[in-house]
Amino acid sequence: MARPQTLQQSLPGLLRVVGRFRFYIFKELPLIAGSLLALFAGIGLRLLEPWPLQIVIDHVIGLEPGGWLAGLLPLDALDPVALLTLSALSLVVIAGLRALADYGHTVGFALIGNRVTTQVRNKLYRHLQLLSLSFHTQARGGDLVVRVIGDVNMLRDVAVTALLPLIANMLILVGMLAFMFWLQWELALVAMATVPLFWLLTLRFSRRIHHFFRIDSTNNVALALAADGEPHGALVLAEEQTAGRGRLGRSWYSEKASGIYLSLILRPQLAVQQAPLLTLVAGLAARDAVVEATGLAVDIRWPNDLLVNGKKFCGILTEMQAEADRVRHVVVGIGVNVNHTRIPAELESIATSLQLAGGRPCSRLELVAGLLRAFDGYYNSLLNDGAAPLIARFGEVSSYAQGKRVRVTAPREEFIGTTAGLDSMGCLLIRRDDGEVVPVLAGDIRET
Ligand code: BT5
């Protein structure tokens, strides 16, 4: 045989080695397939690890109506603690499955290795036994020792290749559990501190919260939910609206994670003509909550604008479904610019945010809780004591209630006059320049 000229020639090719062992390797095919499956499952699960949270965030917290998960998991109304627990549980499950898969392929490959090498070695021994007696006599003593050492080494290999990774995986699992508990502890503390408080303080409201990260309009969702029988007091919240609505088909700029975009579903025992009073309830509630949280001087411009330094930071859109003379359900949508650090150029001259006006960011959670608490108070006062206390309160806190020169843009006409209080349905009274006092049912008021 010619001497090998290169290193490549002197080494047996991988295929040749595998070819030599192929008989023994093929005997282990089911185990090889199982171990490979476990290996790929382990890799897949490692890649999947962040997904439970992603799914919970996108599809449960930010459940989109009509989405496939909406039908499968009616979890959108779960409270935050339950959502956190679900996320943590899914992570534990996935980590557990991954540890199992890792264990499976490690043990599988170790077994294959041991079985194949044992069989090859046995064959080698049988071959040695057939060798000449003189060789046998010389090698026997060492043969036994080599066997024992070989078996001990094999046991050590099993321990190193299978047992140690198992222990390592268990340690990782315990560490992850501890880490999650640490995370959960902090988050749970926040949730535990705020959620019951939130519920206690807001009583009837916010028992059912539908939270979305991104939605067209919370009013759209609330109207659809209300039509499907969602109970009184349900709340729809969004981090961002892609088609936030104002009145008369106008749009509401809803920057992501900076503002409050919420809609309340109400089923009040009110006559249809009294429904606009709910806009007043929302305006007063939002005003009180903002004043309490920021100390800013907030004005209310009838019917639905909250202003600071003459610029609007909050708008209210009340929409109603009524039958004959009775209100079936009302959706009160409230949008508040809270932590916007800039306002789009087209709105800059008329709009602001609480951060821009007050110079510091505000907690939106605190504001929402305060707003719902105040809403509950005014709403109960409306149902129990009628509109008078609300109208009196509006007179106290709005510079637009009395004696302000305004331009009125009503659906059918535009005129200038002086405000003269609210009537019992919450309509703004305007004294025209000819002395006649007329109620404005709907429209825009601007200071002249
Ligand atoms: C409103 O209408 O002020 C009612 C706004 C209600 C928004 C809430 S957010 C949650 C819920 N879901 C919804 O889809 N809507 C409600 P209106 O009085 O028509 O005022 C609209 C006008 O305000 C626009 O034409 C702009 O000039 C201006 N505007 C738009 N976005 C604004 C913003 N973010 N801040 C201040 N002014 C804004």
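Derivation of every value follows stated rules applied to the coordinates shown; laboratory data play no part. Predicted model, so just to flag it, every value in this text is computed and none were measured. Note: ideal-geometry Cβ built from the backbone for every residue, glycine included; neighbour counts use all protein chains shown.
FRET efficiency for the pair LEU100 and ASN122, taken as 1/(1 + (r/R0)^6) with r the Cβ-Cβ distance and R0 = 41 Å, rounds to 0.80. Rounded to the nearest 0.05, what FRET efficiency is calculated for ARG115 and MET425 with R0 set to 60 Å and r the Cβ-Cβ distance? Efficiency at R0 = 60 Å is approximately 0.10.
Here the ratio of the Cα radius of gyration of region 402-447 to 2.2 N^0.38 Å is 0.99. Dimensions of region 296-448 along the principal axes, based on C-alpha atoms and rounded to the nearest Å, stand at 45, 36, 28, largest first. In this structure, LEU29 and ARG250 have a Cβ-Cβ separation that, at R0 = 51 Å, corresponds to a calculated FRET efficiency of about 0.15.
Neighbour counting of Cβ atoms within 10 Å sorts the residues ASP102, ASP433, fewest neighbours leading, into ASP433, ASP102. Diffusion of region 209-397 by Stokes-Einstein, at 37 °C in a medium of 0.692 mPa s and with Rh set to the Kirkwood radius over alpha-carbon pairs, works out to 199 µm²/s. Counting neighbouring Cβ atoms within 10 Å and putting the fewest first, the residues SER263, SER254, SER363 line up as SER363, SER254, SER263.
The Rg/Rh ratio of region 271-324, with Rg taken over Cα atoms and Rh as the Kirkwood radius over Cα pairs, comes to 1.07. Fully extending the segment from ARG407 to VAL291 would add 39.0 nm, taking 0.36 nm per residue of separation and subtracting the current Cα-Cα distance. Rounded to two decimals, the Cα-based Rg/Rh of region 291-355, with Kirkwood Rh, is 1.11.
Per-peptide packing, taken as the mean over residues of other Cβ atoms within 10 Å, places 424-431, 382-389 in the sequence 424-431, 382-389 from highest down.
Across region 253-317, Cα pairs under 8 Å and at least six residues apart give a relative contact order of 21 percent.
Here LYS404 is the anchor, and the lysines within straight C-alpha reach of less than 25 Å, apart from those fewer than 8 places off in the same chain, are LYS311, LYS312. Of VAL437, VAL368, the sequence from fewest to most neighbouring Cβ atoms within 10 angstrom is VAL437, VAL368. Projected label points at HIS232 and ILE43, each 7 Å from Cα along the beta carbon direction, are separated by 6.0 nanometres.
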